[in-house]
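These notes are about the structure you will find just below.
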Amino acid sequence: MSEILARRGLMLVLSSPSGAGKTTLSRRLLADDTGVELSVSVTTRKPRPGEIDGKDYHFIDRATFDVMVERRELLEWAEVFGNCYGTPRSAVEKTLAGGRDVLFDVDWQGTQQLREAARVDLVSVFILPPSVEELERRLRSRAQDSDDVIHGRMSKAADEMSHYVEYDYVIINHEIDRAFGELRAILGAERLKRDRQVGLGDFVRTLRANV
Ligand SMILES: Nc1nc2c(ncn2[C@@H]2O[C@H](COP(=O)(O)OP(=O)(O)O)[C@@H](O)[C@H]2O)c(=O)[nH]1
Ligand SMILES: Nc1ncnc2c1ncn2[C@@H]1O[C@H](COP(=O)(O)OP(=O)(O)O)[C@@H](O)[C@H]1O
């Protein structure tokens, strides 16, 4: 019985306009698959009701954020909707080295920076809403943002959605179970890519030697 081959961890990025469903999909994937670890971002945004410091985000002040940028402790960072967000470098490198996959919920600016830093490890997925009306309905149903914030995020949605062309895969989130099945299919296929399976050459040589 051959042991399960080791593999190199991949960087799975989910981006979408606010309200399209990336947090919902991320939480389901983390609950469903122990091989995936969330990259917990730092942000200067204030916590929303129910958000847990250290789990959803590391909530920090602007001065601390700027120090992390200066010390190059962030793999990428961006200003989004007037708040700063960034990916701490050390946790990502540790998870990838352990052969586990890292899940990122970052905007198109962060995805561009991650692609420049680690193109071969990156798998990028853009989540689209089924309609603008449904997007706004979901933002309002989430009831985590004020009317002003919702208006601001809707006004940015058109520009954000124009960046779908930069992503490897696109999921239209009509219904959450179907969208989650599609996300799992993408991850499953990407994990089986030949150049991510460490030790495949030796395994095949052994097979061929025993014919
Ligand atoms: N570049 C970058 N973007 C991030 C990071 N964390 C979150 N974001 C993005 O910032 C935007 C706002 O996130 P958030 O305030 O949680 O609102 P949400 O989109 O409604 O969930 C979203 O597009 C996120 O993908 C990060 O570490 N880096
Ligand atoms: N397919 C869907 N159908 C209906 N509601 C959805 C669907 N996907 C997500 N939602 C809901 O829409 C709201 C926004 O989803 P969320 O995951 O927070 O979006 P994002 O992280 O992209 O801003 C949440 O209340 C979530 O439960």
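The values are calculated or read from the model by the stated rules, or taken from the named source; none is laboratory data. The model shown is predicted, which means the values in this text are computed figures rather than measured ones. A quick note on method: Cβ atoms are made from the backbone with ideal geometry, for glycine too, and the neighbour counts reach across all protein chains shown. Quick note on the areas: whole protein, heavy atoms, side chains included, nothing else; ligands and nucleic acids left out. Shrake-Rupley method; radii C 1.70, N 1.55, O 1.52, S 1.80 Å.
Placing a pseudo-label 7 Å from each Cα along the Cα-to-Cβ vector at A189 and D159 gives an inter-label distance of 3.2 nm. Computed from point charges on the beta carbon alone (+1 for Lys and Arg, -1 for Asp and Glu), the dipole magnitude for the chain about its Cα centre is near 680 Debye.
On alpha-carbon atoms, Rg over Rh for the chain using Kirkwood Rh? My calculation of the ratio gives 1.01.
Taking 22 Å as the straight-line reach from the Cα of K94, the lysines in range (excluding those fewer than 8 positions away in the same chain) are K55, K193. Restricting the calculation to Cα atoms, segment 1-118 shows an Rg/Rh of 0.98 when the hydrodynamic-style radius is the Kirkwood one. Computed extension length for S146-T24: 41.9 nm, one decimal, from 0.36 nm per residue of separation with the Cα-Cα distance subtracted.
Placing R0 at 35 angstrom, the Cβ-Cβ distance between E166 and V40 gives a FRET efficiency of 0.90 after rounding to 0.05. Among beta bridges identified by DSSP and lying wholly in the chain, the antiparallel ones come to about 30 percent. Packing-based ranking of 200-211, 108-119 yields 108-119, 200-211, ordered from highest to lowest mean Cβ neighbour count within 10 Å.
State the Cα centre-to-centre distance between segment 44-81 and segment 121-173 in whole Å. The two parts, judged by their Cα centres, are 21 Å apart. The order of the peptides 45-51, 135-141 by mean Cβ neighbours within 10 Å, most packed first, is 135-141, 45-51. Assign one of three labels to segment 87-131, namely rounded, prolate or oblate, based on the Cα gyration tensor with a ≥ b ≥ c the square roots of its eigenvalues; rounded applies when a/c is under 1.5, prolate when it is not and a/b is larger than b/c, and oblate otherwise. Because a/c hits 1.5 or more and a/b exceeds b/c, segment 87-131 counts as prolate. The stretch between R72 and A31, if pulled fully straight at 0.36 nm per residue, gains 11.7 nm over its current Cα-Cα span. Where Lys and Arg each count +1 and Asp and Glu each count -1, what net charge lies around R184 among other residues with Cβ under 13 Å from its Cβ? Neighbourhood net charge equals -3.
Projecting the Cα atoms of L29, S162, S16 onto the dipole axis of the chain, where Lys and Arg carry +1 and Asp and Glu carry -1 at the beta carbon, places L29 farthest toward the positive end.
Heavy-atom surface analysis with a 1.4 Å probe gives the chain a carbon and sulfur content of 54 percent of its accessible area. Once you have a ≥ b ≥ c as the square roots of the Cα gyration tensor eigenvalues for segment 69-157, tell me rounded if a/c is under 1.5, and otherwise prolate or oblate according to whether a/b is larger than b/c. Since a/c reaches 1.5 and a/b is larger than b/c, the shape of segment 69-157 is classed as prolate.
What the chain shows is 55 Å² of accessible area per residue, with the surface traced by a 1.4 Å probe over protein heavy atoms.
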